[in-house]
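Reading through the structure tokens given below for one structure.
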Amino acid sequence: MTATLTPPAPAVAATAPARRPFRLIRHSLALAARSLTKTRRTPEQLLDVTLQPVIFVVIFVYLLGGAVAGSQHAYLQFLLPAIMVQTAMFASTAIGVNLNSDIKKGVFDRFRSLPIARSAPLIGAVLGDVIRFVVAMVVLIGFGTALGFRFGNGPLLGLAACLLVLVFSFCLSWTSVLIGMLVREPGAVQGISFLIMFPLTFGTNMMVPTDTLPGWLQAWVKLNPVTDVMEAARGLMLGGPIAGPITSTLLWSLGLLAVFAPLAVRAYRRRT
Amino acid sequence: MTYAFQAEGLVKRYGKTIALDGVDLAARPGTVLGVLGPNGAGKTTAVRVLATLLRPDAGRAVVGGYDVVRDADQVRRRIGLTGQYASVDDDLTGTENLLLIGRLMDLRTADARVRAAELLARFDLTEAAGRPARTYSGGMRRRLDLAASLVGRPDVIYLDEPTTGLDPAKRDDVWNMVRALVADGTTVLLTTQYLEEADALADEITVMDHGRVIAHDTPADLKRIVGGQTIAARPADPARLGDTGQILAAVSGHQPESPSRGVLTVPVPDDTAFTEAVRRLAAAGITMTELSLRLPSLDEVFLTLTGHGADDRQEAGV
């Protein structure tokens, strides 16, 4: 080192670096609070998660319900837990789009020039986005209840279903973050995300029982982890087997987080 | 020699484009380094390396004794960055913007509040403190941006074209802020496209072109190299052009040129020649519609230093 400098100003020296994990949590929470403030100031960005569940329920229950289940009420019970999973998954695609356009604006340059972990802005954004899932679920269950949906298993297990879907969506968000970091344009992020989300959400027993499907599609549905998430949500909200689907959902969540969060942070680090 | 920051042999390539081709930059503590160059010269890339936003492909840079790659976290504790485009959060208020940075700089909440209020007052934003930044004017956003980069009391601050797109009055505001920073002992790296700005603020100027340093000197010496200042004169009556030319030739010792119809320009060594020209023109009873003393434009600087203008980049090739 050939160059030296006068000691840092007292104010900076006084902020002794606290232990790393603790700082990461504190910085991430501060950035999550930033996301929430932004959402509060521009509530219109919650329009999609507010309207989409309502539209889906109307389309599927009233358009198809009679034909598929014979009764719209029976179909509403069958469909609503699955729509909750689908809505949350669709909602998780917004974060990649938002981060992608945020990074272009320069605020992230500021974050990068601060002595905080590279992952903090991403973790903060993902945490702040939880509000989207909560809004989507509240709207969906509120609307469904108005139409006659009932938790067959009691409200507590119904709430547990919501929490499980929340955990899964939170972990799934990291795939969207990764796409947001790898793709140049926000519009492309949206397109790619939906290309992935459609087969994942519709390629399940969401709308009809698996055994009514052709063999090749049955194979995909059984392979698709989202089927397990929907089964777990149904089991918790309506009754039925839950141990297997819940275990599978949690394992998949953990897997998604473990694989895609580090990849997303790495992609963010490399993006200039 | 002690430097607040020092970059040696920085190289950065993007595919086949070479953004930095062995760049050296350095400034002593408490001084201003002006980095002068046209768009695409590599100024911003160099700043981004010094601000730990980009890894150089070769060479190294040290800020406050810490390597920008190996000790990036230590460097980030000591720097402030204000980009060409104000990087403030539009949805947050002025206060919220500064509080967020304070929290991320590990200030205690109470200290962050004090610091935010102090900086808002200093940059004349107290009244607008509670409004979202999207309602701010361009000048206010720049000031908030600058305030944000000062939250952590940086030793070194990078100002990347801080006056681009500002009107002259706002530009003077920024200049005064830079002078105040230096008075506090901060080291400043300022990139600019204007020799006038570098001349007004910098202790030393590095001129960049095509990712290389093509000159490094004090403003006085640089101006000497590029031919000091120029008088531009436009007599009200075109018939007096000849008389005007004689006077300008007499005070400068150079034959005036006419870059456009009715205008004469002549290089002068210092501003006493200008005073003398004004006196003689008045004595000869020649009315002027334009009479100015100016520094060479960036284009003229480049013409002198490289033999090609700042705008002939494509034709000149790399």
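Each reported figure results from applying straightforward, stated rules to the coordinates on display, with no laboratory input. None of these values were measured; they are calculated from a predicted model. Don't worry about glycine lacking a Cβ; one is built from the backbone with ideal geometry, like all the others, and counts go over all protein chains shown.
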*Taking the Cα centre of each part, how many Å lie between the stretch B:225-259 and the stretch A:82-128?*
60
*Once you have the alpha carbon radius of gyration of the stretch B:55-147, what is it after dividing by 2.2 N^0.38 Å, with N set to its residue count?*
1.24
*So which lysines pass the test for A:K104, namely a Cα distance under 18 Å, with those fewer than 8 places away in the same chain ruled out?*
A:K38
*Of all alpha-carbon pairs in the stretch A:218-272, indicate the percentage at a distance above 14 angstrom.*
62
*Distribution of pairwise C-alpha distances over the protein assembly as shown, 20 Å bins, in %*: 18, 39, 27, 13, 4, 0
*Against the longest principal axis of chain B, how steep is helix B:271-283, in degrees 0 to 90 to the nearest 10, with axes from Cα atoms?*
40
*Within the protein assembly as shown, helix-based [θ] at 222 nm, where runs of 4 or more DSSP H residues each add -39,500 (n - 2.57), nearest 500*: -17000 deg cm²/dmol
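Over the residues of the stretch B:229-294, compute the C-alpha Rg and express it relative to 2.2 N^0.38 Å.
Numbers: Rg = 10.2 Å, N = 66, 2.2 N^0.38 = 10.8 Å.
After normalising by residue count via 2.2 N^0.38 Å, the value is 0.94.
Over the whole of B:138-151, what's the average partner chain Cβ count within 10 Å per residue? Rounded to a whole number, please. Each step should come with its number before you reach the end.
On the way: counts 0, 0, 0, 0, 0, 0, 0, 2, 0, 0, 3, 3, 0, 2.
Across the residues of B:138-151, the mean count of other-chain Cβ atoms within 10 Å is 1.
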*Find the relative contact order for chain A and round it to a whole percent, using C-alpha pairs within less than 8 Å whose residues are 6+ positions apart.*
25
_Within a 10 angstrom radius of the beta carbon, how do A:R26, B:R77, A:R40, B:R141 rank from fewest other beta carbons to most?_
A:R40, A:R26, B:R141, B:R77
*Fewest Cβ neighbours within 10 Å first, please rank A:W174, A:W216, B:W175 accordingly.*
A:W216, B:W175, A:W174
*Distance histogram in 5 Å bins (all Cα pairs of the stretch B:5-224, percent per bin)*: 1, 7, 15, 19, 20, 16, 12, 7, 3, 0, 0
*asked:* Quick check: pseudo-label points 7 Å beyond the Cα along Cα→Cβ at B:D67 and B:V11, how many nm apart are they?
replied: 1.7
*asked:* If I require 18 Å or longer along the helix axis, counting alpha carbons, and a Kyte-Doolittle average no lower than 0.0, what helices from chain A are left? Use full DSSP H segments.
replied: A:72-91, A:130-147, A:155-182, A:186-202, A:225-238, A:243-270
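Defining a contact as two alpha carbons under 8 Å apart and six or more residues distant in sequence, what relative contact order in percent does chain B show?
On the way: 617 pairs, mean separation 61.5, N = 318.
Worked out over chain B, it gives 19 percent.
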*Output ³J(HN,Hα) for the stretch B:108-119: one whole-Hz value per residue in order, computed from phi by the Karplus curve 6.51 cos²θ - 1.76 cosθ + 1.60 with θ = phi - 60°, and x for Gly and Pro.*
5, 3, 5, 5, 4, 5, 4, 4, 4, 4, 4, 6
*asked:* Just want the ordering: A:F143, A:F133, from fewest to most Cβ atoms lying within 10 Å of their own Cβ.
replied: A:F143, A:F133
